[in-house]
There are 2 protein chains.
Amino acid sequence: MAEQVVIALDAMGGDLGPDMVLPGAALALSRHPNIEFKLYGDAPRIRSLLSQYPAVAAKASVHHAEIAVGMEDKPSQALRRGRRVSSMWQAIEAVKRGEAHVAVSAGNTGALMAMAKVILDTMPGIDRPAIAAIWPTLRGESIVLDVGATIGADADQLVDFAIMGEALARCLFGIERPTVGLLNIGVEEIKGIEQVKEAARRLRELRLPIEYIGFVEGDDLGKGTVDVVVTEGFTGNIALKTAEGTARQLTAYLKQALNRTLIARIGAYMAAGAFEAVREKMDPRTRNGGVFLGLNGVVVKSHGGTDAFGFASAIDVAVDMVENRIVEKIAADMAVKSTLSPGPVAEAGAGV
Amino acid sequence: MAEQVVIALDAMGGDLGPDMVLPGAALALSRHPNIEFKLYGDAPRIRSLLSQYPAVAAKASVHHAEIAVGMEDKPSQALRRGRRVSSMWQAIEAVKRGEAHVAVSAGNTGALMAMAKVILDTMPGIDRPAIAAIWPTLRGESIVLDVGATIGADADQLVDFAIMGEALARCLFGIERPTVGLLNIGVEEIKGIEQVKEAARRLRELRLPIEYIGFVEGDDLGKGTVDVVVTEGFTGNIALKTAEGTARQLTAYLKQALNRTLIARIGAYMAAGAFEAVREKMDPRTRNGGVFLGLNGVVVKSHGGTDAFGFASAIDVAVDMVENRIVEKIAADMAVKSTLSPGPVAEAGAGV
């Protein structure tokens, strides 16, 4: 029997708050009977909604929080207003205290990351956390990180991201030796920025237990050339949003075009199943979880605009990470790294 | 009557060389009767092919070049082997000598940019050139630069890119005041890298004759939120290739899905016109031209794998740039900039 997984939910996160979080929890519970919930937020509102979800009510405790962090709050503002008293803070703090295995929130990314850093701190040897995205590809799915937490990562941080992303790929995809690539603008040795070239040299020379393949380019993301694509947060975030935008753009073109003539409309009707299949493949809800990596605890970010289906997917990701012991996996690899490159790692770990 | 435009063609560039360049020239000539060509490359081969394109033959001179730069040659290698004696070099040199208004090549980008920099040099006040892409959007088309020439541009270079991209948008789209945005990872003031924030400050404060709108994000590229998107070459190149890859990925998904059932195949057949319309909108051939900006002369890069149709589009772009006097437009804006911010510009221009 699978062990119990306790999930702290920020019930107030996302555009819809508890109205989306509770049905999402119900859906996830139907897939993972071994989970239970700690629900943080407006207790009266949560309790009155819970009556509609008796299965969740049976596996959940409710914890009142005065404040809900707004979707537009700046991180500094959220930390000022929401320290200790917000549902977001308390959900993360439950992980810190060992009362929950993982926190899931659809609240705003900047605030969630700021609080997670303050409460959980980065793991020994890791300078800065990363946000990992699960990217749909022609081969299946890949991990892409960082997509926005760490702007301008240096070579050592990029190596850490490779370690963290590789561990996540093992947890989520169940493959033993995921392949890892560094995002760059060409395969020629002379191309790319210094940090990326230096990270490549280290990944080749350190002999970490990582299947480092080499440089990949922007079009390798959709191809799924490697299981893990490593980049710093500025470029990763722009790549992520560019891909999302391009997918929406093509969908919009197609809709316009299919509406233009009667025969095209009939054809579109007949091929509706096919369009549905493509929509499912590209549906951000099915891989709805920005995963925070590099912290002493697991936090999963769900899209703010998601529905119950998407939120349940984020819980799925959280469960996979806990059951596969992501933090231990990363810690083990970081320990290997520290024996291989005593310089920078010892330095970063000195204060721990 | 339109004035004559003389176009220097690297006849050996691209995967197919003259077999693609000459029919491309013929197609462009049918659209622009005011153009003539200087063809650089393997003269016997070009002359024998020209017999099939009498209209081109009547408007072209042939100039023999010993060397064809290979599509895989590194820039340094191309410069060593191809200096003076390659078709690519000679086409650019024709612009330098004033014998042609513009050079067009489907040869490899790195080599073409390296030679263009050596032969033409950057314009007064401009540190480094940029490659601009013409990006299909839901609103029409936008200019995105830099997509790979200048890695890690500083704030002053980003301002120069804004000036150059804005001038190009006026030339190609015929709009009087194109809107300009800086690519960033969020609209919050605290986000983004230092160079981008500093460039934003200068674009707001300098009061250049530019319609600077503010930050845009990756998904604004496909939306067409602004006419000109400014970024440094590393991020721009990755965004470009990510978008291309995502478009191919969706097309592949759709093909698979439409082939899966008989009824979907019939529907797809009926909607074929609609698919064709979308394909045309996303067809890289119709906007096939990476434009080199910031040099003392105009060079247009066509995709290496393009066909005659695509190469003709690159020639179209070249003609538009010449007829609309892109270099003069940029020079005029740079002159305005130098009066507004004497510091960095005077410095950069000191050696000219």
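No lab work stands behind these numbers, since they all come straight from the coordinates. Everything numeric here is computed off the predicted structure, so don't read it as measured data. Glycine also receives a Cβ, built like all others from the backbone with ideal geometry; neighbour counts cover every protein chain displayed.
Data for the structure
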| quantity | calculated |
| --- | --- |
| Anchor B:K255: lysines whose Cα lies under 17 Å away (excluding residues fewer than 8 positions away in-chain) | A:K223, A:K255, A:K281 |
| Ellipsoid equivalent to the stretch A:98-233 - semi-axes via the Cα gyration tensor, in Å | 25, 17, 15 |
| Computed label-point distance, nm, for sites A:L262 and A:D19 using a 7 Å Cα→Cβ extension | 4.1 |
| The stretch B:189-253 - charge dipole about Cα centre, Lys and Arg +1 at Cβ, Asp and Glu -1, debye rounded to 20 | 40 |
| Most mobile listed residue (A:A274, A:A60, A:A43) in chain A, GNM with C-alpha springs under 10 Å | A:A274 |
| Table column - 3J(HN,Hα) (Hz), the stretch A:318-326, Karplus curve with 6.51, -1.76, 1.60, x for Gly and Pro | 4, 4, 4, 5, 5, 5, 9, 6, 4 |
| For the protein assembly as shown, share of DSSP beta bridges that run antiparallel, in % to the nearest 5 | 30 |
| Neighbour-limited loop hits for trypsin sites (Lys or Arg not before Pro), the stretch B:175-252 (at most 15 other Cβ within 10 Å; DSSP other than H, G, I, E, B) | B:R207 |
| Calculated FRET value between A:Y269 and B:A272, using beta carbons and R₀ = 25 Å, to 0.05 | 0.95 |
| At R0 = 51 Å, FRET efficiency that the Cβ-Cβ distance of B:V336 and A:A55 yields, to 0.05 | 0.15 |
| Across the identical copies, how the B:E72 labels are spaced - nm, sorted shortest first, 7 Å along Cα→Cβ | 5.5 |
| Inter-centroid distance (Cα atoms) of the stretch B:136-153 relative to the stretch A:117-196, Å | 25 |
| Debye, to nearest 20: dipole size of the stretch B:160-276, +1 on Lys, Arg Cβ, -1 on Asp, Glu Cβ | 520 |
| Rounded Å value of the spacing that divides the Cα centres of the stretch B:46-70 and the stretch A:30-105 | 72 |
| Gyration tensor (alpha-carbon) shape descriptor, chain A, a/c threshold 1.5 | oblate |
| Beta bridges by DSSP in chain A, antiparallel share as percent, to the nearest 5 | 30 |
| Computed label-point distance, nm, for sites B:E194 and A:A252 using a 7 Å Cα→Cβ extension | 3.6 |
| Top positive-direction residue, dipole computed over chain A with Cβ charges, set A:G224, A:G70, A:L206 | A:G70 |
| Test item: Cα-centred dipole of chain A, Lys/Arg +1 and Asp/Glu -1 on Cβ, debye | 740 |
| Gyration tensor (Cα) of the protein assembly as shown, equivalent ellipsoid semi-axes in angstrom | 49, 29, 24 |
| Spin-label pair A:L138/A:I175, simplified geometry with 7 Å Cα→Cβ offset, distance in nm | 1.5 |
| 20 Å reach of a label modelled at A:R47, 7 Å along Cα-to-Cβ, counting backbone N of the stretch A:1-22 | A:9-13, A:18-22 |
| For B:S48, label point 7 Å along C-beta direction: distances to other copies, nm | 8.7 |
| Pseudo-label separations to other copies for B:R97 - Cα-to-Cβ vector, 7 Å, nm | 8.2 |
| Shielding score for A:207-219, defined as the mean number of other chain Cβ atoms within 10 Å | 2 |
